[in-house]
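Please read the structure below before turning to the comments.
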Amino acid sequence: MTIGIIRLSDIYYKYSTGAPPCLNPVPPLFNVLLQEDRSCHRLKRYLLVDMEAEVVDAEMVLPTHMRFKKIQMYDKYPKGQARVRWKHLKQLIPAENYQNYPPEEPNYVNIETPPSMHPCKRICDITGYEAPYIDPRTKLRYANAEVFKVIRSLPNEYVQRYLTLRNAAVVLR
Amino acid sequence: MPFISKIQRQSDYRRFSSNHPIVIDNGGSYFRIGWAGESDPRVIFRNIIQRPRHKITGETITVVGDHDPALLKYFDCTRSGPRSAFDSNVVYQFEIMEYILDFGLDRLGADQSQINHPVLITECLCNPVQSRSKMAELLFETYGVPSVAFGVDAAFSYKHNQQLGICSDDGLAICSGFNTSHVIPFLNGEPVYEASCRTNVGGYHVTDYLKQLVSLKYPHHMSHLTWEKVEDLKMEHCYIAQDYASEVRLFQREDKKAEEKTRCWQLPWTPLPVEEAGPSEEELARKAALKEKQGQRLREMAEAKRFNRINDLENETRDLEMLLQRLRNATEHDIPSILAKTVYTSQQEVESALSKATQSLRKAKGEPIESVEKSDPSSADRYNLISIPDEMLTPDQIKQKRKQLFIKSTSEARQQKKQKQLEEELERERQKKLEEERRLENPEQYLEELRAKHRDLSEKVEQRKRFKTNGGHTNGNQNGSGGVGRGERLNSSQRERMRLLTTAAFDRGKGEDTFGARDEDWQLYKLMSKDNDDDDDDKPDADEAELTRISSRLLEIDPTFFKSEPGGASSSEAPRFRPLTKEDFQIILGVERFRCPEILFNPNLIGIDQAGLDEMVGISIRRLGSKGGGVEERITDSILLTGGSCLFPGMRERLEAGIRMIRPSGTAIKILRASDPILDAWRGASTYASAMQFPQQTFSRMDYYEKGEDWLRSYRPTYTI
């Protein structure tokens, strides 16, 4: 079985790198071979697919089989995607166990810049002008009476979006 | 920088011997790959992938970087936006990373059974070891790379500029990238990680801030504001203000300079074909004639129908009359036989049918119908039984009497109502006349009064409405009642109901229970019942009626008056009631031009509680402290600006001013722009990888598995080789 697969991937590789798609339809021999091998299922589907000529010409679709790889994508992720969720940075950091190392050793966390020493600049959420006032109802900062009028006529959704911009929106979980 | 680039596959892959390193700058926004020793990377593309589904086959495919968006029409992109392998500046999604490496190596021309070249790849400063080991694993296991080296992009950029003679051995690199900004001091040409600092603000945040601000300002042009377009806008228009406060004051005062600094982006807009002044006379006449003709036809049809009906009814009455005649002439004995041929069972029935038919005939002919009340003279004998006491009547007659009583009372009530209506009509007529007189007397004053009245009433009605539907879309603003905060969910009547319910639930049982002692107590349930709160919606209330009357009157006599739409068009929508003009399709960038890049200096503006670029320099020098050995005095003499976000105009001047404030006076401060802030990192890495001693900085698969993760954690290349 494997012989067929190897030869097919060669054909497929050629196909994906711009050789004229004359290999459609696939010779029946390959078809039979492939139908018996589950790992090549995706490959076969690819070969039988008629993508639009423009798409094939632009080579925008990344081939699933790369000749230079030792482990192919479809072998690594047979379901088409990773089974586990990748850990985000937030989950990665605790697992780094930085507390076990001397604090003077630089690591991802301790090189972060501390908060600023200067007083926080307050600017109008709508216009960007300096904002001496805060609307007690919406908690938006505003510069003058005109902006205040605008704020009061804003729908709640927009108020929340403005607040989100400076990470001040109330998030209900 | 063009986003869309058809990347040619390189054809000279086989020309490079197996120990020739491949250099990858794995940046947050762009992925650059090329050969060591060359001056430019071979392949550059955006470090993102997209995984849409092919519409016809349903196959999920992978698209790396940017491609002609026109080709994406064959794919269903609704559930897959562009995705990146980065979380902040750390690679975490190695599936995406693998697709990107696949694409990059494929375009580099790799076609052997494995990648038989050492790889130098950049990573962030102090990359978490999990990310680093996964990357090493990926390169070793999947691509069969013989050896790998990691390095920091900012350091390579500094080294490159050092070789160009732009900056010196001791200095400071300020690298503002896509996701983060770093300040890294250099001593004797080596980066001092311990004294570096990172703020999580970069070009991504600037673009995102701009995008959000503009789309909040122009919600109806949201579709034009794609990420790519906004990125273009940022690169074209954004600049860094020397002093934010004074710059913004220019705009606040609407200064002439501010006007010059305002940029306008005209969206594609085609003016609507200007309509003619109106259809011509001829056209109007033609239309009127057509309408008239149609009306005529309808009238004719109605006439014919009426005629038919009258005919039918006449025939019917004639038949019935004949039948009645025959019945009267016939003997008692013959009646059943005559009736058997008809649908009627008795003479009375025939009579009643006849009277009904004659009445409807009259109606059809348009003659006035004799009302029941017309038979007033006969009322005496119609209500003959009423005045007779019950005792003198038979049970049958009592029943009859009750019926008469009922009929009498209803007819009287009807008449009274009619009378009342008539009086009201008269009263209204009188008032109208009075008003008219007053108007003629002093039209100005009258109009003024009317307007004031209208204003008062409309306010009252509005307020009531608001009171009823509290909260709503305007988040309960501009109501006079006050004290109603946002998040208030119930309207007043609902609230009242809730109050009643709670008191009913909790007041029972304490003290003496006197509920029900008085009849009014039971009214409570009426108030509590759910349908109570909307019953006042059904009957039009007096104020509203008065309001409509006044506004119609105003419409009649006041040419300046126009009826305001309730609620009014919300400001977020494109104005609908006037034709859209060119100005409606303009996106004006004023304060935004420098407000967005300002976050690099004040990350607080977007809620990131870290110091900005200028303060970072101070922090970095402070951290250098004891280690520097006096070098911090002259470190500021060679400050290198690198990274894509350093391209904003005004960056250098602003930084210089900021650093001068931090450092003691008289300190030499020299800020240098990197020769190419974007590509220098790759170029530096390329030079580094082509050096003779480069192989000593790499580690192989064997090393990796023998030395373990702890070794990899402390892995740090020497940049000066």
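Each reported figure results from applying straightforward, stated rules to the coordinates on display, with no laboratory input. None of these values were measured; they are calculated from a predicted model. Heads up, the Cβs are rebuilt from the backbone with ideal geometry, glycines too, and the neighbour counts pull from every protein chain shown.
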Which of the peptides B:169-176, B:220-227 is most tightly packed, and how do the rest follow, going by the mean number of other Cβ atoms within 10 Å of each residue? B:169-176, B:220-227
Distance in nm between label sites at A:A169 and B:M222, each 7 Å beyond Cα in the beta-carbon direction? 1.2 nm
Report the full-extension gain for the segment A:E157 to A:N97: residue separation times 0.36 nm, less the Cα-Cα distance, to one decimal in nm. 17.5 nm
Relative contact order of chain B (C-alpha contacts under 8 Å, at least 6 apart) in percent is 24 percent
Sorted by chain and then number, the residues having a modelled amide H within less than 5 Å of the amide H of A:I123, at least 5 places away or on another chain, are A:A131
0 to 90° range, to nearest 10: angle between helix B:651-662 axis and chain B longest Cα axis: 70 degrees
Contour minus Cα-Cα span, B:D676 to B:K305, at 0.36 nm per residue, comes to 124.4 nm
Expressed in nanometres to one decimal, the distance between label points 7 Å along Cα→Cβ at B:K433 and A:V84 is 9.6 nm
Under the definition of partner shielding as Cβ atoms of other protein chains within 10 Å of a residue Cβ, what is the mean value for peptide B:707-715? 1
Under the rule rounded for a/c under 1.5, else prolate if a/b exceeds b/c, else oblate, using alpha carbon gyration tensor axes a ≥ b ≥ c, region A:62-173 is classed as oblate
On a 0 to 90° scale, report how tilted helix B:701-713 is relative to the longest principal axis of chain B, with both axes built from alpha carbons and the result rounded to the nearest 10. 70 degrees
If each of B:I588 and B:F506 carries a label point 7 Å out from its Cα toward its Cβ, how far apart are those two points in nm? 5.3 nm
Can you tell me the FRET efficiency between B:L267 and B:R53 if r is taken as the Cβ-Cβ distance and R0 is 35 Å, rounded to the nearest 0.05? 0.70
Net charge of neighbours whose Cβ lies under 9 Å from the Cβ of B:D76, counting Lys and Arg as +1 and Asp and Glu as -1: +3
From the residues B:Q400, B:I48, B:L655, which one has its Cα farthest along the dipole of chain B in the positive direction, the dipole being from +1 and -1 charges on Cβ of Lys/Arg and Asp/Glu about the Cα centre? B:I48
At 0.36 nm per residue, minus the direct Cα-Cα distance, what do B:S337 and B:T394 gain on full extension? Give it in nm, one decimal, please. 17.0 nm
If I model region B:109-178 as equal point scatterers sitting on the Cα atoms and use the Debye formula, what is log10 I(q)/I(0) at q = 0.20 Å⁻¹? -0.89
Going by alpha carbons, how many degrees (0 to 90, nearest 10) lie between the helix axis of B:227-237 and the longest principal axis of chain B? 60 degrees
According to the square roots a ≥ b ≥ c of the eigenvalues of the Cα gyration tensor, what is the shape class of region B:1-123, taking rounded for a/c under 1.5, prolate for a/b larger than b/c otherwise, and oblate for the remainder? prolate
Whose amide H sits under 5 Å from the amide H of B:F601, counting only residues 5 or more places off or on another chain, with H placed in the peptide plane? B:L613
Calculated FRET value between B:K465 and B:A288, using beta carbons and R₀ = 41 Å, to 0.05: 0.50
Protection proxy ranking of B:611-621, B:44-54 - average other beta-carbon atoms within 10 Å, highest first: B:611-621, B:44-54
Using only the Cα atoms of region A:83-126, build the gyration tensor, take square roots of its eigenvalues as a ≥ b ≥ c, and label the shape rounded, prolate or oblate: rounded if a/c is under 1.5, else prolate if a/b is larger than b/c, else oblate. oblate
Shielding of B:109-115 by other chains, given as the mean Cβ count within 10 Å, works out to 3
Take peptide A:85-94, look around each residue's Cβ out to 10 angstrom, count Cβ atoms belonging to other protein chains, and average those counts. 5
